[in-house]
Amino acid sequence: EPEVTQTPSHQVTQMGQEVILRCVPISNHLYFYWYRQILGQKVEFLVSFYNNEISEKSEIFDDQFSVERPDGSNFTLKIRSTKLEDSAMYFCASSVGIGSPLHFGNGTRLTVT
Amino acid sequence: AQSVTQLDSQVPVFEEAPVELRCNYSSSVSVYLFWYVQYPNQGLQLLLKYLSGSTLVKGINGFEAEFNKSQTSFHLRKPSVHISDTAEYFCAVTAQQGAQKLVFGQGTRLTINP
């Protein structure tokens, strides 16, 4: 069964550094998402992406965050200048369309020191 | 906007006992409802979904859930649990119209004891 893949599985970075989290959604999916889960807390929506543009974003998704679909297969989340509070598990997800379930990757654990 | 409340943060159950994980939601528009499971160090896996039709939906691993519109609930049940069901369970909703943003509950940690 096709799946969403995320790399790397773990990323350690120093505060103030830029990080790029990478995702390969399922090939025929049209909607792409990033979520994050701070340790011990709920899964929170960051951003949704459709037709090569952001369709919705949360308050968490401030100017430090950006997303890109640089080619036909990758979907990236960039954090320009990481803060300690950005430490979390970041999940990428994709879906075929409205009403279809989201398929999640296994996540990237980001640790900011 | 939507919100989801999972009333129990932790549920310990003995093996082969039945279990119910509670989920209530709030929304001003019609929604689709989902349960996801997260095994240790893994991503979120879809257990089951309610889109329309029969209010009792069956999912993987013997789980089922019942949509109750009047009580705005979508409780998850399993008649007999196994050690392998130990995981975190998340209830989620999304509006039927517009961007398909999933809103998650806080999660319920299900622990199965032998």
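All other residues with a Cβ under 9 Å from the Cβ of residue B:37 taken together, and with Lys, Arg as +1 and Asp, Glu as -1, what is their net charge?
Values: positive: none; negative: B:85, B:88.
Net charge around residue B:37: -2.
Would you mind ranking A:92, B:23 so that the residue whose beta carbon has the fewest other beta carbons within 10 Å leads the list?
On the way: A:92 29, B:23 26.
Lowest count first: B:23, A:92.
Taking 16 Å as the straight-line reach from the Cα of residue A:57, the lysines in range (excluding those fewer than 8 positions away in the same chain) are A:78, B:101. Using every alpha carbon pair in the range A:9-94, what percent of pairs falls into each 10 Å bin from 0 up to the bin containing the largest distance? P(r) for the range A:9-94, in whole percents per bin: 17, 53, 27, 3. When each of B:74, B:104 is scored by the number of other beta-carbon atoms lying within 10 Å, the sequence from fewest to most is B:104, B:74. Restricting the calculation to Cα atoms, chain B yields a radius of gyration followed by a Dmax of 13.6, 45 Å.
Taking each residue of B:39-46 in turn, how many C-beta atoms of other protein chains fall within 10 Å of its C-beta, and what is the average?
Details: counts 0, 0, 5, 3, 12, 11, 3, 4.
Going residue by residue through B:39-46 and averaging, the value is 5.
Each 5 Å bin, from zero up to the one with the longest distance, holds this percent of the alpha carbon pairs of the protein assembly as shown: 1, 7, 14, 19, 19, 16, 12, 7, 4, 1, 0.
We did not get these values from a lab; they are worked out from the coordinates using the rules stated. Note that the structure is predicted; figures quoted are calculated from it, not measured. Ideal geometry is used to build each Cβ from the backbone, glycine not excepted, and the neighbour counts take in all protein chains shown.
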